[in-house]
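Quick notes on the structure that follows.
The values are calculated or read from the model by the stated rules, or taken from the named source; none is laboratory data. Owing to the predicted nature of the structure, the values given are computational and were not obtained by experimental measurement. Reconstructed Cβ throughout: ideal geometry from the backbone, glycine too, with neighbour counts over all protein chains shown. Heavy atoms of the whole protein, side chains included, go into the accessibility calculation; ligands, DNA and RNA do not. Shrake-Rupley method; radii C 1.70, N 1.55, O 1.52, S 1.80 Å.
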Amino acid sequence: MKSEGLPEEIKSRLDIVEFISDYVHLKKSGQNLKGLCPFHTEKTPSFMVSPEKQIFHCFGCGTGGDIITFLMKQENLSFGEAVAYLAKKAGISMPAFQSGEGASSEKRTALLRANEEASKYYMNNLKNSSVASAYLKKRGLTGESLEKFSIGFASGDKDSLLKHLKKLGFPESVMKDAGLIAAEGKGYRDWFRGRIMFPICNTRNDVIAFGGRVMDNSQPKYLNTQETAVFKKSDTLYGIHLAKDEIRKKGHTLIVEGYLDVIVCHQFGFLNVVAPLGTALTPRHLRKLKLLAKQAILVFDGDDAGIAAARRSLAFICENDLPAKVLLLPKGDDPDSFLKKNGSEAFRSALHHTMSAMEFVLKTAKGGHTETVHEALGIISSVHDKILADELLGELSDRSGIHEAVLRSELDRFRKKTTTEQFSGKQAVFPVAPLHREEYLLLSALIACPEKAGSILSELNTEDLQNTAVKAIFRKVKTFSGEITPESLLDLAEEKDRTLITGLMLNPGFDPEHVDRNITDCLQTIKRKKDEEKRIQAEEANNAEILNSLLKEKRKRIKGIKE
Ligand SMILES: [Zn+2]
């Protein structure tokens, strides 16, 4: 079933600003809101959201569209998946709505459903396992935490999950692709056995994977789902679905090391906590966090291994332009053990005494003074954000007692040495390319004044257009029977062409006072260019007939202008 009108219904019920605010920290900027683009790395915001037009557009990377496009891009969904999700959010019931978007979206949905059922199954197992329940109780997890994080238990059986999912109608291929079972001999076995199960969710609350922990000292202590079509380890932060609102509210995020740290932090009232999945932080992690937080606080064990890990993470976070601080817990403590021993007040006061990046580097240095200052300069030189780099330099000067000018000249030396990063030349996407300028302007006129559609279309031969995107849009408009509005244009356009429309919506490129003049000029230029092209071709082919007819037309036009 094709659900005509569903995208419109969604857009009329959901506010794009509210929705995008779940992902991006937006600030008012004139009529629009501005923030850091989630689709490319940037330090000054060029990502705009228009409440009035209900669209977004990034003038840095050219991405743009409506609420549906945003979700598709942000969560890597097909059009159908995004519509289905938003419809649910908007409270629209769609009895027979099928995405009809082909195999990949159906497959993703199937994997997510299998994970969801597996999670329920594991949770139920836990309720029936006194051993696993006793273990979690001993670890200090409350019943509330078990519910909140949907913690479960995989028994030691060879294939009990497999049998359960089979009963529910899941084919083995889906379970295998979801990473829930693995081949063994001629058949399959459950991937997780004899483990406490931690479902891992994306920001939308879908279970995308699991982490499984043993209850004894066997190895590996933690086992994760292998990467699947819905799970990429380097993309995923444990706890992000429960932390995102609080991170946005507080403006900063705590980064801890393990699942239990995250859960226990929640138990003690600290909700803005995430953890990478047993890996180092990646740029994708940081990009996600940067959209929500202005600052990260790394929480580490104060032992040598913890300090070394904090040093590495800190350098990396700075390199990715997220201001960071460090909280070193007493030796041998992680947030889990610290909170249980000392309670939330002690943790809160520890958080008031976090170390700034420079303070941490200087205080935990093992080498001599000069060496340490050089290490700090190394970190500063990797920071792209000039303001942040400047702040760090000022602080380094204060703390090391070395004059700022001296540090600055040292820093320049460092930077020259390390100019390996290539800044991708970000250019504004507003199509000022002189090549097809008139075509962009004509489209812009149509968007700004849809009531002119009739007169534009009667004069325009779409086949005369040179720009493929503009041409594709006008072709669709020509056969469209509904009312032309900026919104219907967005829906008509192919996904790849939508950014052109949103770009022009926010930046029309002409004076609306003179829109008629503008349209006439554009139409004439397009026609003239096409004739010129035909003339050159005819000349090359020595086609007198075409040349003559072109000449006749030209005379007619000149006469027309004179009359
Ligand atoms: Zn962008």
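Summary of computed values
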{"read-out": "Relative contact order of the range 445-563, pairs being alpha-carbon contacts under 8 Å that are 6 or more residues apart, as %", "value": "26"}
{"read-out": "Computed [θ] at 222 nm, helices only, for the chain once each DSSP H run of length n ≥ 4 contributes -39500 (n - 2.57)", "value": "-16000 deg cm²/dmol"}
{"read-out": "Residue-normalised accessible area of the chain, given per residue in Å² at a 1.4 Å probe", "value": "49"}
{"read-out": "Overall Cα dimensions of the range 441-485, principal axis frame, Å, largest first", "value": "24, 21, 18"}
{"read-out": "Diffusion coefficient, µm² s⁻¹, Stokes-Einstein with Kirkwood Rh over alpha-carbon pairs of the chain at 25 °C and 0.890 mPa s", "value": "89"}
{"read-out": "Protein-only accessible surface order, largest first, of 131, 361 at 1.4 Å", "value": "131, 361"}
{"read-out": "10 Å Cβ shell holding at most 11 others, DSSP loop, trypsin sites (Lys or Arg not before Pro): longest site-free stretch of the chain", "value": "367-563"}
{"read-out": "For the chain: relative contact order, % (alpha-carbon pairs under 8 angstrom, 6 or more apart)", "value": "10"}
{"read-out": "Exposure ranking of 481, 119, 21 by accessible area [1.4 Å probe, largest first]", "value": "481, 21, 119"}
{"read-out": "Enclosed volume per residue, in Å³, of the convex hull spanned by Cα atoms of the range 11-161", "value": "188"}
{"read-out": "Cysteines (scope the chain) whose Cβ has no counterpart Cys Cβ under 4.7 Å", "value": "61, 201, 265, 318, 449, 522"}
{"read-out": "Heavy-atom accessible surface of the chain: percent carbon and sulfur, 1.4 Å", "value": "51"}
{"read-out": "DSSP-assigned coil residues among GluC sites (Glu not before Pro) in the range 8-97, each with at most 11 further Cβ atoms within 10 Å", "value": "52"}
{"read-out": "Alpha-carbon Rg with Dmax, taken over the range 240-364, Å", "value": "13.1, 35"}
{"read-out": "At 0.890 mPa s and 25 °C, Stokes D of the range 153-296 from Kirkwood alpha-carbon radius, µm² per second", "value": "151"}
{"read-out": "Inter-part distance where the range 5-72 and the range 479-531 are each reduced to a Cα centre, Å", "value": "21"}
{"read-out": "Ranking by accessible area, most exposed first, for 372, 41 with a 1.4 Å probe", "value": "41, 372"}
{"read-out": "Cα centroid separation - the range 229-302 against the range 328-389, whole Å", "value": "17"}
{"read-out": "Residue 89/residue 466 FRET efficiency (R0 35 Å; Cβ-Cβ; nearest 0.05)", "value": "0.30"}
